[in-house]
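J.: Pasting a structure below so you can have a look.
The values are calculated or read from the model by the stated rules, or taken from the named source; none is laboratory data. Computed from a predicted structure; not experimentally measured. Here the Cβ positions follow ideal geometry from the backbone for every residue, glycine too, while neighbour counts run over all protein chains shown. When the accessible area is computed, the model is the full protein with side chains, heavy atoms only, and any ligands, DNA or RNA have been set aside. Shrake-Rupley method; radii C 1.70, N 1.55, O 1.52, S 1.80 Å.
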Amino acid sequence: MSTAELQETVFFILATVIVVCSILTVTTNRILRSATYLLFVLFATAGIYFQLEYSFLGAVQLTIYAGGIIILYVFSILLTTADKSKVSRLKNSKMFAGLITALAGAAICVYITLMHSFGPSRFVGGEINQKVIGTALMGTEKYQYLLPFEVISVLLLTCIIGGIMIARKR
């Protein structure tokens, strides 16, 4: 088996894990299982980043999302749910409306993808210099991310404070 065939096989395995676990995330009746399936989706996404040789982005995916955000989700689920770990069953009308909305969204995505004329790919594999990444993350000019980074940190802080307030009331 050649390297290209092996990479393609690994990609299809990771894509299958992402699709299956994404469906399981939104269809399971248990909230903690849903968070676990989401964790598998984030791990497989990191695997695709590593396969594209974007090790920095893969490491960020593992540490920030798979590590931090899932832990935050699990703590918030455990702090805010009652003794029952099952979600109440949806009515058939809501299930039908959700199915119609999902199919309409999928049809719109397929239509846009098929009707769009994609230009030549400018993808260059390999690593980007860490100085370029650091400048983009901490810069304040156009296409730099210091302000969104600070906004997200304030949002996470308010989520933590809200979780503590809810836990104190109990």
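J.: Would you please give the FRET efficiency between Asn129 and Thr27, computed as 1/(1 + (r/R0)^6) with r the Cβ-Cβ distance and R0 = 45 Å, to the nearest 0.05?
T.: Values: r = 42 Å, r/R0 = 0.94.
Approximately 0.60, to the nearest 0.05.
J.: Now a separate question. Counting only complete DSSP H runs, which helices of the chain cover 18 Å or more along their long axis at the Cα atoms and score a mean Kyte-Doolittle of 1.0 or above? Don't jump to the answer; show the numbers that get you there.
T.: On the way: long enough: 3-27 (36 Å, 1.71); 31-51 (30 Å, 1.38); 92-115 (34 Å, 1.48); 146-169 (35 Å, 1.80).
Long hydrophobic helices here: 3-27, 31-51, 92-115, 146-169.
J.: Let me ask something additional. Please state the relative contact order of the chain as a whole percent: Cα pairs under 8 Å, 6+ residues apart?
T.: Numbers: 105 pairs, mean separation 31.3, N = 170.
Relative contact order here is 18 percent.
J.: For the chain, with every protein chain kept in place, what is the accessible area per residue (1.4 Å probe, Å²)? Walk me through the intermediate numbers first.
T.: On the way: 13570 Å² over 170 residues.
I get 80 Å² per residue for the chain.
J.: While we're here: For Rg and Dmax of the Cα atoms in Å, which listed value, [x] 20.1, 60; [y] 25.2, 82; [z] 22.9, 88, comes from the coordinates shown?
T.: Identified label for the calculated read-out: [x].
J.: In whole percent, and with a 1.4 Å probe on the protein chains, what portion of the accessible area of the chain is carbon and sulfur? Present the calculation step by step, with values, prior to reporting the outcome.
T.: Values: 9510 of 13570 Å².
Of all accessible area on the chain, carbon and sulfur atoms account for 70 percent.
J.: What length, rounded to one decimal in nm, is gained on full extension from Ile112 through to Arg89, with 0.36 nm per residue of separation minus their alpha-carbon distance? Show your work: numbers first, answer last.
T.: Values: separation 23, 0.36 × 23 = 8.28 nm, distance 3.39 nm.
Full extension of this stretch gives 4.9 nm more.
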